[in-house]
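Structure record follows, encoded as structure tokens.
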Amino acid sequence: TFLRCLAKALAYIHENAMKHMDVKPKNLLVRDLRSSTICNQGHYKIYIADFGIARSYRSIEECNTESPIAFTRIYAAPEVVAQERRDQKADIFSLGAVYCEMLAVLAQE
């Protein structure tokens with residue numbers, strides 16, 4: 001599904017020792033590929049854009065030590081808003097906030 005493709009795109013970033021730090025709808029690009037077989041669904045290819053504040057790291061310890069520089073409050077994890085440490089889990093929280101917004105819009109249709 002579309003949501004699974006988004007999760008795979010974020011997992012790819014995390015598997016390559018990066019954290020995005022600003023996952024939100026504005027930074028998610030979708031390409032319609034109705035005749036292709038991307039993400040085993042055949043309809044979409046997902047791109048996560050705007051790596052302006054993204055960070056790479058060499059270890060989990062390094063990943064957990066940096067405070068956020070900037071963020072979009074409505075999609076930010078509580079620890080980010082509190083200016084505490086930020087790791088990949090904060091990106092996952094932000095993706096969950098995006099999912100909730102998508103589902104709320106679909107429910108209104």
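What follows is calculated from the coordinates using simple rules that are stated; it is not laboratory data. This one's a predicted model, so the numbers in the text were calculated from it and none came from an experiment. Cβ coordinates were reconstructed from backbone atoms using ideal geometry, including for glycine residues, and neighbour counts include every protein chain displayed.
What are the pairs with Cβ atoms under 6 angstrom where one residue, in segment 98-109, is closer than 15 Å to residue 10 by Cβ and in contact (Cβ under 8 Å) with a residue 40 or more places away in the chain and the other, located anywhere, is surrounded by 11 or more Cβ atoms within 10 Å (Cβ to Cβ) and not hydrophobic (A, V, I, L, M, F, W, C)? Sequence gap at least six, or different chains.
98/25
Could you tell me how many of the residues in segment 75-96 are assigned to a helix (DSSP H, G or I) and in contact (Cβ under 8 Å) with a residue 24 or more places away in the chain?
Residues flagged as assigned to a helix (DSSP H, G or I) and in contact (Cβ under 8 Å) with a residue 24 or more places away in the chain within segment 75-96 amount to 7.
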